[in-house]
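A.B. asks: Sharing a structure with you now.
What follows draws every value from the coordinates through simple rules; no lab data is involved. In this text, all values refer to a predicted model and were calculated from it rather than measured experimentally. Reconstructed Cβ throughout: ideal geometry from the backbone, glycine too, with neighbour counts over all protein chains shown.
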Amino acid sequence: MSNFSDQLDEIKYLISSASGTKANKSFAYSTLLHLQQQSSDSHASIQKLARTSQSLIHPIVADIQDDDEEIATQALKCLGFMIYHPSIVAEIAVDDVKLVLESLAKLITTTKMKAVCNLGVWCISVQQLAAPLLAAHFHSLLLAVVHAIDNPIGSLSTTFEAMQAVMKLASLLSESMRELSHVWAPPIYRRLLSFDKRERDMSERCLLKIKSTILPPPLNLSKALVKDLKPKLLTGMHNMLNNGMKVHTIQAWGWFVRLLGPHALKNRHLINEMLKIPQHTFSDHDAQVQIASQVAWEGLIDALVHPPMVLPCETSDAKADNGVQQIGTYKGNCGEIQKNGSLKSIKLIMTPLIGIMSTNCDVSVQLACLNTWCYLLHKLDTSVNDSSMIRLVVQPIFEAVFQMDPDGKNIWTRNLCVDLLDDFILAKCKDIDYDSLNQVSHQLSAKSDANAPPISGNCSWKQYPIKWLPWDLSLLDFHLKVIYVLICQLPRETVSHDNRIPAADASLKLFRSVLKGIQLEFKRSSISYNDIMLCLNAILKFINNVCEEVSSNSSDRNDLHHICLQLVEAVGEEIEPTIVGSPLYKVPLDIKHIEYLQADADIGFAKLDVSSVAYMDMVSPMVYLSVLYFCVVVQSTLRVLKTDFILHRMQKYFKFMLSSFDPLESLVVTSGLLYKHSGPSCLSMWIAIAEGLKFYINDVKDFSLLKMDSDSKCCFAMLYLLSYPLVVCSCTQKDFKSANIRSSPEESPASLQIQVELERVITLWTSLYGSMCTSLSGCFTIGSFFEDLFSILDRCLDKYTSMLVCGDELELKFKGLDLHLIALYGDVLICILENFHSSEISSDGNDEHGSNYQVSSAITCCLKVTIRYMDLLQTKIGTDSPIGLSVASSCRVYSTLAYFISSLHLKEDILSFFELISGPLLQWLVLMEMQNESTSDQFQLLWAETLGCLRRSRPPIIFDSAFLKLQAPILEKTLDHPNLSISEETITFWNSTYGEQTKLDYPKTLLNVLDKLWRNGRINLHKRSLPLQRCQSRPQVAAVPPRYRVNATHNRVSKRVELVEDTIGGGEHKEMPHPSLKRRRLELTEHQKEVRRAQQGRERDCGGHGPGVQTFTSVDFSQGNNNEDSQENPDIRNAECILELLRNG
């Protein structure tokens, strides 16, 4: 044959020739088959074959019936290619198709030759004929295929080809095959129980391919299976079990249950018999058998679960609510269960799943179980959101998984359930197209429709779509309960830190998702007050239960306390502050731990009850969370050694509270809580809170809510917060010193830790106070705040001093710690003095008396505390050796006090100051000889400032005999002090004040010192007056020495000293009296003065007539009514002026 066409013509001739020999036909068919194989890649050759096939169909169909097996098989192979290739199929006439199909069906059912039967069925399995052409001959073809499956020859190859033909027909004529599945399916599923592995495998492979055609099974197929089960299949399964073929048995069982479908519910006795099979396999110790049982159990799910399990629920239309798109939520109880049997079926399905997840099985078994469970969730469709399904299907598995130890073995199962639950919770936050909710998919698909409800992307390895719907508040308790179960596993001793952290993070992730859903509910304007309270009570109860669980386990692990704190923080971060901080939503303070907190510390101040909270008080959610947070921190610091991270969280949380909620309420509540705890960790907690407040003050610009008015809550709260470390150190230092001491005090870690804490307290206290004075300067009012602060500090110093005096053996061992406590009080006092600026304590002449009184009162309190502290420095502890204070601390006390004194200007303040400080100055002066040079230098500065403030008083102080008597004790020591800096400064002061006076009464204690210094020419005792005529002869105005009068007052123990400055010419400036003094007396005429002096015999006037400036000594501050009848001392008269007046007269 020269070319392709010639070859085809020759083949056609040989096949069609009636007189052709067998050899010629065999050669022709082998040549045709060869050409078909070669032309499969050549379009031109295929086209020639297609045109030739029309004339070859009839002879080939005739030859497939040939008795010669070789000719028949060759013809069938060539025919199979012709009806397989689409180009050739397109050229075959309809009548020829009919001829081919009828011939094949007849051949399969009549031939006795195995090879011919195989090829005949093969032709049906590979043909590419149009479905309508096949439908016309469907019954004959199906009968032929069924015959081939159970072929009388018993050939497995024929059965295999027949099953391939079944798959082909099912793909082309699915509906027809489904209607007659009871005809062709039984011979296939029966082979699932074959002991021949090849037969079982081909049967299962075929069923998997045609699964979509026979499932859910038509009723006729289910009935046919029931007939097969009773006499044959049940017995066959038991036989296989007895022969140890458990995996194959349960695999077949799964198919049988699937094929029973809903009809199984009508044959409960049969189902009960069938359930005995998985009872054996589920309890088997072989993991492979258990996994196969899980896969087969999906067959029962297919048979019993046919959504919707509940009637469709009504959902609200999408609407805008407060600017938030509200799609609607799935009402947990909005539908009724269609049949009571549905719930029983679900319980039946869930029983082995819950059992497996509740036992310690292999991970592979548990993963297979979860996969089956996810398949059940998928099959439930939207019914999975119903409350009954949540209770029966969802909750038990979540609880079982979350109750496992979160170790490495269970990490996959836990993560799967965490992701699945998180998808369920977050479904509330996703947009839903409700048009798709009524479209229930009955097909497994890894891809969900774009308009379908949210699908859990990580729910299982088979990617079964699970249709979670937005949940309503009826499911809030379910979500919180499941999260609680997960958290409760964390305190177990068997859980390592590395496994505990991921589990805790997962719990927090789920809780935040719940809070996001609740926040969406709160944004709805239609939400009721009861619903808001429902949410708040549920959240707070959940967190409180978690904290109690951690506390009841007596855990000493940081991470457990961290999760409690993180839960509290999450509420403040996720829920709107206007809800959490609102006074409308009061909840009972049912935190049991608050009952065990120590009672309020006694600081001798009657206003502590302003911030107290008690068990079962009705408080806002913010207060509830604050108390709970505080209690957790207290427990953690009592049980955990390293608490730095927890205290750092507390600092950040307190700052967050101040920024997000009412800062005044937050400050008041927190300050009150501090006084309910005074254990070893109290200073650390105060540090955390104080740092949070300091950062808030430094960051926030608007302090209108923290105005420090007198008697305001904010004033009290600030006072309590600043006083807390002082109170604690004065009341509970024994707790500090005896805490965890197992060695010598010098080596005790507890002692060293407390010392470090005290140093931090000192630094932070001064920094916080400075920030308050700087940032809140406009909010401060001079008044009770400073007085109360000084009063508390004074009480603390007094109490601490008394405890030191009565110190026991424990106190004697901790002198180093005592130094740190004393340094705390000293630095606090120094800080107050340094920030007590002159602009705050000085006033001009226009100030009201009330303002001056507040200033003077604050100064008096400050000085008393300073003196008390200086006394504390000299206190002894059971021995004669004084407590040593560092040189730097001593110097700072003197230096700061000197700076404070430099700010005093008003005479009343200065006189009050000197009255208080004169005694202590004398004591300090005596101790100066034992101090080093640097401390002596600072004391000299203090003494210089003291003398300076006396000289710069406004109005000026009258240095008369009465005031000299007050200063006599200190002047006695300082005028002739061995330290030249002190003595020279004092002598200069004397000469500029008392040395300018014309007449003084010198106290006896000063006579020796004054005599010595006067004879040495270092001081001036008095300034002598010039003769009167000499004064009158000069054109200049001569200075007239001051004159004195001591008047008795109504108070017998006090006198009033009057200074009368006479001027000549009457044109000099007259100093205005201070507004707080009494109005001066009316002036007398010159004649009246002389008459009066003559009558009394006490003339002392030099002719002047200036107004008198009145003041009071430090003994008389009553400013009472004065008796005008003076009792003048004759010794103070100027004799020379009197004699000069008489001569001129």
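A.B. asks: From the cross-link list LYS430/LYS523; LYS223/LYS347; LYS223/LYS266; LYS379/LYS409; LYS22/LYS77; LYS209/LYS230, which pairs have alpha carbons spaced over 19 Å apart?
C.D. replies: Details: LYS430/LYS523 15 Å; LYS223/LYS347 25 Å; LYS223/LYS266 11 Å; LYS379/LYS409 29 Å; LYS22/LYS77 17 Å; LYS209/LYS230 27 Å.
Over 19 Å Cα-Cα: LYS223/LYS347; LYS379/LYS409; LYS209/LYS230.
A.B. asks: Work from the charge dipole of region 1-92 (Cβ charges, +1 for Lys and Arg, -1 for Asp and Glu, about the Cα centre) and give the residue of LEU76, ALA23, GLN7 farthest towards its positive end.
C.D. replies: GLN7
A.B. asks: Number of Lys-Lys pairs in region 973-1023 under 17 Å by Cα, sequence gap 8 or more or different chains?
C.D. replies: Taking the Cα cut-off of 17 Å, the pair count is 4.
A.B. asks: Given Cα pairs under 8 Å that are at least 6 residues apart, what percent is the relative contact order of region 973-1023?
C.D. replies: 41 percent
A.B. asks: Determine ³J(HN,Hα), in whole Hz, for all residues of region 656-662 in sequence, where each value follows from phi through the Karplus function 6.51 cos²θ - 1.76 cosθ + 1.60 and θ = phi - 60°; x replaces Gly and Pro.
C.D. replies: Values per residue, Gly and Pro as x: 4, 4, 4, 7, 9, 10, 5 Hz.
A.B. asks: Quick one: dipole size for region 148-215, taken about the Cα centre, charges +1 on Lys/Arg Cβ and -1 on Asp/Glu Cβ, in debye to the nearest 20.
C.D. replies: The dipole magnitude comes to about 200 debye.
A.B. asks: Would you kindly calculate the translational diffusion coefficient of region 963-1026, applying Stokes-Einstein with the Kirkwood radius from alpha carbon pairs, for 10 °C and a viscosity of 1.306 mPa s, and quote it in µm² s⁻¹ without decimals?
C.D. replies: Diffusion coefficient, whole number: 135 µm²/s.
A.B. asks: Sorted by mean Cβ packing within 10 Å, highest first, what order do the peptides 211-220, 580-589, 38-47 take?
C.D. replies: Going by the mean number of other Cβ atoms within 10 Å, highest first, we get 211-220, 580-589, 38-47.
A.B. asks: Provide the per-residue ³J(HN,Hα) series for region 381-386, in order, calculated from phi with Karplus coefficients 6.51, -1.76, 1.60 and θ = phi - 60°, each as a whole number of Hz, with x at glycine and proline positions.
C.D. replies: Going residue by residue, I get 6, 6, 5, 4, 7, 5 Hz, with x marking Gly and Pro.
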